Structure formats: structure tokens, C-alpha cells
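Below is one structure, written out as C-alpha cells; the observations come after it.
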Amino acid sequence: MLPIERGLEIVMSTAKAKQRTDWMPAEPIALFDSIHRILREDVFCDADSPRFDKALRDGFAVHFEDLRDVPAVLAVIGESRAGLGADVTVERGQSCEIMTGAPLPPGANAVVMVENTERLSPGSVRILKTTRENEGLLRRGAEARLGDKILATGRPIGLADLGLLASVGKSSVLVSKKPRVAVIATGDELVEVNQEPQRGQIRNSNTYTICAQIKEAGAEPIVLGIGRDNLDDLRCKIRCGLEQDVLLVSGGVSMGKYDLVETVFAEFGVEVLFDKIAMKPGKPTVFGYRGDTYVFGLPGNPISTMVAFHMFVRPLILFLLKAENTSPKTLEATLEVPAKCDPQRAALVPALVRFEGGKYWIRTTPWKGSSDLVGLARANALIMIPRGDGTLQAGQSAQFLLME
Ligand code: AMP
Ligand code: MG
């Protein structure tokens with residue numbers, strides 16, 4: 001059986017080797033809709049930032065040298081408002097009233113905040129505290145210069161990036177098109193969420209969790225409904241799914257008599273590169289491709305599906321999007337209780353993680369196995385317990401996946 005890392009290597013090297021001409025093509029979209037999309041252009045400053053020396057406080061623009069001895073009384077010779085500025089030069093012994101974000105008038109070299117002043121008359125102010133050169137202001141170009149590269153291609157557009165793009169005038173940005181990911185849930189036992197399960201039936205939850213994971217990864221889910229455990233139905237659904245960039249089939253990939261998904265993959269000429277991974281849950285994870293379509297069979301148990309998606313599908317989607325970082329997001333914590341290692345497979349176990357004293361602490365939570373969504377919902381993380389004969393002791397460190 002393949003270790004998780006080897007499985008991931010196979011997925012990524014397949015994607016690289018297939019050398020799609022240009023991953024997902026880039027498309028221009030309105031800045032308004034660009035949050036969390038993957039940027040596909042370098043972005044440069046269209047001007048110095050800030051564009052002019054500007055006040056960071058409401059107060060008075062002064063010569064800091066005038067304030068060696070305080071209190072000191074200065075003449076007030078004008079007012080600089082945000083968006084306007086003042087047509088004055090501040091000489092020694094003078095000041096100019098100024099608002100946050102307003103241009104600093106020539107001559108001044110510091111801004112004293114209004115809380116440290118006392119207005120004596122329209123033409124004079126008493127300054128109560130000393131200040132230093134350049135205090136309370138930001139010089140032109142202090143953040144970045146005209147032509148500086150401020151964002152690089154491959155970056156997921158975050159909140160600060162969005163503001164930055166707006167501030168440099170990018171009303172439209174180039175981002176990766178979203179890969180289209182077909183989702184088929186299989187099983188004769190499945191009913192829709194709004195139906196009452198009869199004897200032996202359960203509601204289809206995987207379609208919901210998989211689609212949420214697809215969206216979180218930056219792709220577009222295409223829901224193809226429930227495929228029943230017979231060749232005709234699976235053929236029909238899988239044929240449609242093979243037209244998308246990625247096809248995800250949940251269930252029907254274990255050893256059961258009615259697990260027919262791999263048979264249908266073979267009929268359609270899907271080149272399967274692995275169908276078992278040494279992890280628990282998630283062992284019967286299948287990966288392959290046909291033409292330009294990447295194909296996954298995800299084990300049907302709800303938690304297995306989630307884990308297999310996180311480990312293998314998410315990195316592939318990020319690769320197709322040309323994201324700068326594709327690896328699964330894992331963090332490190334200190335175990336609070338011992339954890340047993342399985343000699344056969346790395347285990348992912350629901351856990352509660354907390355941050356205290358500058359680091360993460362983690363303990364497993366009770367659960368009843370890979371179908372137990374009730375147990376999982378009480379956890380906030382999955383600990384990754386490596387393959388091995390012994391026990392990880394309390395105090396040892398362990399990797400974990402944070403569950404959003
Ligand atoms: P399978 O991989 O098809 O053998 O399914 C393994 C287990 O996961 C079975 O108990 C299924 O009932 C359950 N399961 C499969 N598909 C889903 C689904 N879409 N939603 C919830 N549970 C599922
Ligand atoms: Mg099944």
C-alpha cells in the first residue's frame with residue numbers, strides 16, 4: 001500500500017507530466033468578485049504610495065525643532081483637509097491645522113495630534129508635548145515606489161490584496177478560471193437530504209461536504225446527482241463526469257460486491273495510478289486520468305471522503321489553478337494524551353486543538369469511526385498519527401489538519 005506522501009507525489013507528478021498547455025486559462029474578472037481567486041498577473045504600483053507626504057493624525061503640522069521646550073505657542077496659518085491640502089508653507093514658529101490623510105504642507109516635518117494641543121484662538125495653538133522628526137506622518141513612497149511589484153502571479157487574493165488592487169487602480173484582474181469538478185455520489189442506500197430514509201437508507205451527505213471542499217479550494221462543483229450501484233447508471237453518470245476537468249465519485253470503490261466504480265473507470269479507459277493508500281480512514285482512494293480529466297474515486301464513508309479530498313484532490317485543484325502553494329495545510333501540536341500508532345496505516349483521528357502559551361496542544365476526541373459525523377462535529381482538527389508499531393507519548397509533537 002502506498003504511503004500518503006507517495007500518493008500525493010503521484011497525483012502531482014501526473015498533473016505536471018501531462019503538461020496542460022497553460023493549466024487553467026487565465027480570465028479577467030471584476031475586482032469586486034476576485035476575493036480568494038488565484039492571481040495570474042504581476043501587479044505593480046501605478047504611483048508612489050503614499051502619493052504625497054501625508055498626515056497620520058488629526059492635529060497640527062509643525063517644525064519639530066520648535067517643540068524642544070513645551071508648552072509652546074505656535075501661530076496657526078491655515079488648514080489642510082483630506083483631499084484638498086493647504087496653499088501655505090509652514091515657517092519656524094508656525095503650524096497648520098491638518099486632518100488624517102491630508103497632504104503635509106511644505107516646511108512642516110512632524111504632526112502633533114490634536115489631543116496634545118490646546119487651541120487658544122483661531123490664529124494660535126498651544127502644543128503640550130514634544131515630538132520627533134517625521135512623527136505623525138508618512139513620507140511619499142514610504143510604503144512602495146512607482147513601478148514596484150506589489151503582488152506576484154500565483155497568489156490567492158486575500159482581503160489586504162483586494163484593497164491593494166483597488167488602491168492601484170485595478171478594476172479588473174486576471175485570475176485562473178475555476179476548474180470544473182463533477183461530483184457523483186454513489187449508493188443504492190442514498191436518499192436526498194429532503195427525503196425520509198426508509199429501512200436501510202441514509203441521506204446523501206457527501207455531495208454537500210465535497211462541494212463545499214471544492215468551492216473552498218477555488219473550483220466549481222458540477223453536481224451530477226446520485227449514481228445507483230448498477231453498471232448502466234454508473235456508466236451514464238461517469239460518462240458525463242469525464243467531460244469536466246476533474247471527476248470525483250464518492251463510494252463504490254471498496255471491496256463490496258456492488259462496488260462497481262473501478263469497473264466502469266476501466267471500461268472508459270481511465271488510467272488508474274493507485275487505488276489504495278495506507279491511511280485510515282481513506283484506504284480505498286482511487287486516482288487516475290483519462291485525457292485531460294483527472295479522476296478520483298473517494299471512499300464513501302463521510303470522513304474518509306473528506307480526508308481523501310483534503311490530501312489528494314485539493315492539492316491537484318490548487319496546482320491546476322497555478323497557485324503558489326499546493327501542499328495540504330498541516331500544523332504541529334504537542335500531544336496532551338498518548339496516541340496509538342497502527343503498524344499498517346497512518347491514521348487521521350478527530351481531535352480538539354487549542355492554542356496556549358505560544359503553541360498548539362492537541363488531544364483525540366471520542367468517535368465511532370469513519371462514518372461518525374456526530375463525533376467529528378465535536379472536534380476541530382484531525383491528528384495525523386504516523387504509521388508505526390508503538391505509541392506516540394504525551395508531550396511528543398504531532399501534525400494535524402485544522403478543520404474550518
Ligand atoms: P462505499 O464506499 O460505497 O462502500 O460506502 C461506504 C460507507 O459510506 C457506506 O456505509 C455508505 O452508506 C456510506 N456512504 C456512501 N456514500 C455516502 C454519501 N454520499 N453520503 C453519506 N454516506 C455515504
Ligand atoms: Mg456504496
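Just a few scattered comments:
- Scanning region 211-249 for residues that are over 14 Å from Y294 (Cβ atoms) and assigned to a loop (DSSP other than H, G, I, E, B), we see that the one that is nearest to ligand 2 (Cβ to nearest atom) is D229.
- Sub-6 Å Cβ pairs linking a first residue in region 12-40 that is modelled with pLDDT of 95 or more and acidic (D, E) to a second residue that is outside any strand (DSSP E or B) and surrounded by 11 or more Cβ atoms within 10 Å (Cβ to Cβ), at least 6 apart or interchain, are E27/K177, ordered by first then second residue.
- Leading residue by the ranking (farthest from ligand 2 (Cβ to nearest atom)) among those in region 170-197 that are more than 19 Å from E41 (Cβ to Cβ) and of a type in the set (A, V, I, L, M, F, W, C): V181
- Of all residues in region 307-338 being touching a Leu at 6+ places or on another chain (Cβ under 8 Å) and aliphatic (A, V, I, L, M), the one that is nearest to ligand 1 (Cβ to nearest atom): A308
- Residue tally, condition part of a loop (DSSP other than H, G, I, E, B) and modelled with pLDDT under 95, over region 372-392: 5
- Residue satisfying all of: in region 157-213; of a type in the set (K, R) and within 22 Å of the chain's Cα centre (by Cα); farthest from ligand 1 (Cβ to nearest atom) among these: K170
- Looking only at residues of region 240-288 that are touching a residue at least 24 places away in the same chain (Cβ under 8 Å) and basic (K, R), we find that the one that is surrounded by the fewest Cβ atoms within 10 Å (Cβ to Cβ) is K276.
- Pairs meeting the criteria (first residue in region 174-188 and outside any strand (DSSP E or B), second residue within 12 Å of ligand 2 (Cβ to nearest atom), beta carbons under 6 Å, at least 6 apart or on different chains) are G187/G251; D188/R228; D188/D229.
- The condition (being away from ligand 2 (no atom under 16 Å from the Cβ), closer than 19 Å to N230 by Cβ and at pLDDT 95 or above) is satisfied by just one residue among F287, F274, F268: F268.
- Residue match in region 311-329 (condition: over 20 Å from the mean Cα position of the chain (by Cα) and at pLDDT 95 or above): no
- In region 353-380, the residue that is surrounded by the most Cβ atoms within 10 Å (Cβ to Cβ) out of those that are in contact (Cβ under 8 Å) with a residue 40 or more places away in the chain and of a type in the set (G, A, S) is S370.
- When residues in region 198-210 are screened for being away from ligand 2 (no atom under 16 Å from the Cβ) and more than 20 Å from V249 (Cβ to Cβ), 2 of them pass.
- Within region 158-166, none of the residues are away from ligand 2 (no atom under 16 Å from the Cβ), of a type outside the set (V, I, T), surrounded by 15 or more Cβ atoms within 10 Å (Cβ to Cβ) and assigned to a loop (DSSP other than H, G, I, E, B).
The values are calculated or read from the model by the stated rules, or taken from the named source; none is laboratory data. A quick note: this is a predicted structure, and the numbers were derived from the prediction, not measured. Every residue, glycine among them, receives a Cβ derived from its backbone with ideal geometry; neighbour counts consider all protein chains shown.
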